[in-house]
Amino acid sequence: MALAELAVEDSGRSDPLVIPMAAIGEKFADLYWAQTLPYASGAPGCSPAILAQNQGKQAAVINGLLRLRTAGMQTIGEARRSSDWPDVVRDIAQTVAGMPIQYLQNVGGTQVPFLYDYPLAERGKVNLKPGVAFMLRTFAALIQQLARAGWLNHVRQNQRNHQAIGRVDDLEQFMFGTPRAALAGVAPLLNQIQSKKCFYCGEGLPGTPDVDHFIPWIKYPRDLAHNFVLAHAGCNRRKSDMLAAERHLERWVMRNADYGDEIAGELKGFAADLTCSHRVAHWAYEQAITAGGSGWVVGRTTERLSTSCLAMLA
Ligand SMILES: [Zn+2]
């Protein structure tokens with residue numbers, strides 16, 4: 001999952017791609033952060049607990065992040081700005097280099113080095129083989145879904161978690177989603193930027209608007225601050241899992257040019273790297289254009305996406 005996300009976010013779009021262990025460490029910190037809070041399904045007889053990721057002692061990644069939680073960091077954004085962050089990430093990177101990187105390519109007990117050579121050719125770096133970054137980018141959404149389903153299953157089946165989970169749960173939302181309250185916190189700033197109008201249809205936004213992921217969550221399930229816009233619930237539903245049409249993309253790029261710093265400054269709970277958001281958008285539009293896909297305009301109207309979308313994001 002981490003390798004696929006990093007391949008998408010790579011600025012040079014290089015292939016073969018060399019990924020520093022530190023970047024992988026940061027990704028692990030991102031992916032595990034939500035899971036350092038106690039979980040309880042709320043089912044009768046269940047008691048809250050921090051989910052066990054292993055059969056034996058707790059995963060070292062979790063323990064490292066718990067140090068930040070204990071020091072009072074509530075969001076991943078705060079954690080990133082704390083002075084302990086580099087140390088924690090370095091420890092996590094060391095753990096990852098020792099364990100997952102060593103075992104990721106084990107198939108039926110045998111090491112099959114199809115992604116990178118192991119032991120690593122260069123200390124502190126993962127050298128992906130030619131073509132691997134391209135495949136990771138092409139199948140990023142599928143890899144995400146498979147990895148999440150596997151991870152969820154792994155946690156759910158761990159006996160040590162049964163007391164917290166019970167028989168019914170919303171574990172997927174807890175492990176990978178953003179709390180509703182955190183998403184709602186995005187609305188005041190965006191309401192101000194959008195003058196209380198729907199990002200897509202431009203009509204007024206009375207009541208509680210929907211926080212929409214401009215690049216749909218299904219395509220890229222990470223909450224990036226610059227990816228949020230406010231929309232009518234109806235417009236959000238109609239857009240659904242589609243990319244927005246070129247006219248919307250143009251406005252989104254302009255919005256980020258005008259208010260990007262403000263968004264990064266105010267929405268501290270989320271990762272807020274504008275370049276990263278635009279790279280992700282470039283990747284998503286490029287995939288859609290290559291496949292001859294359409295973008296959503298309004299209501300039931302869609303139109304073919306053209307390569308001029310990519311020029312906007314270059
Ligand atoms: Zn609307």
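Worth pointing out:
- Scan of segment 211-244 for residues that are among the hydrophobic types (A, V, I, L, M, F, W, C), open to solvent by 50 Å² or more (accessible area, probe 1.4 Å) and within 10 Å of the ligand (Cβ to nearest atom), ordered by number: none
- Checking each residue in segment 289-311 for being surrounded by 17 or more Cβ atoms within 10 Å (Cβ to Cβ) and part of a helix (DSSP H, G or I) picks out Ile289, Cys309.
- Between Val253, Val280, the distinction of being farther than 16 Å from Val186 by Cβ, touching a residue at least 12 places away in the same chain (Cβ under 8 Å), open to solvent by less than 10 Å² (accessible area, probe 1.4 Å) and away from the ligand (no atom under 16 Å from the Cβ) belongs to Val280 only.
- Any pair with Cβ under 7 angstrom, 6 or more apart, that starts in segment 193-204 at a residue that is free of Cβ contacts under 8 Å to residues at least 24 places away in the same chain and ends at one that is near the ligand (Cβ under 6 Å from one of its atoms): Lys197/Glu203
- Residue match in segment 52-73 (condition: open to solvent by 40 Å² or more (accessible area, probe 1.4 Å), without any contact (Cβ under 8 Å) to a residue 12 or more places away in the chain and under 15 Å from Ala271 (Cβ atoms)): yes
- Residue in segment 269-277 that is open to solvent by 10 Å² or more (accessible area, probe 1.4 Å), within 16 Å of the ligand (Cβ to nearest atom), farther than 27 Å from Gly12 by Cβ and in contact (Cβ under 8 Å) with a residue 40 or more places away in the chain present: no
- Of the helices (runs of 4 or more DSSP H) entirely within segment 135-210, those holding at least 2 residues that are surrounded by 12 or more Cβ atoms within 10 Å (Cβ to Cβ) and within 16 Å of the ligand (Cβ to nearest atom) occupy 187-193.
- Checklist (1) free of Cβ contacts under 8 Å to residues at least 60 places away in the same chain; (2) farther than 22 Å from Gly177 by Cβ; (3) touching a helix residue (DSSP H, G or I) at 6+ places or on another chain (Cβ under 7 Å) applied to Leu230, failing item: (2)
The values are calculated or read from the model by the stated rules, or taken from the named source; none is laboratory data. It should be emphasised that the depicted structure is a prediction, and the values quoted were computed from it without experimental measurement. When we count neighbours, we look across all protein chains shown, and the Cβ atoms used for this are built from the backbone with ideal geometry, even at glycine. When the accessible area is computed, the model is the full protein with side chains, heavy atoms only, and any ligands, DNA or RNA have been set aside. Shrake-Rupley method; radii C 1.70, N 1.55, O 1.52, S 1.80 Å.
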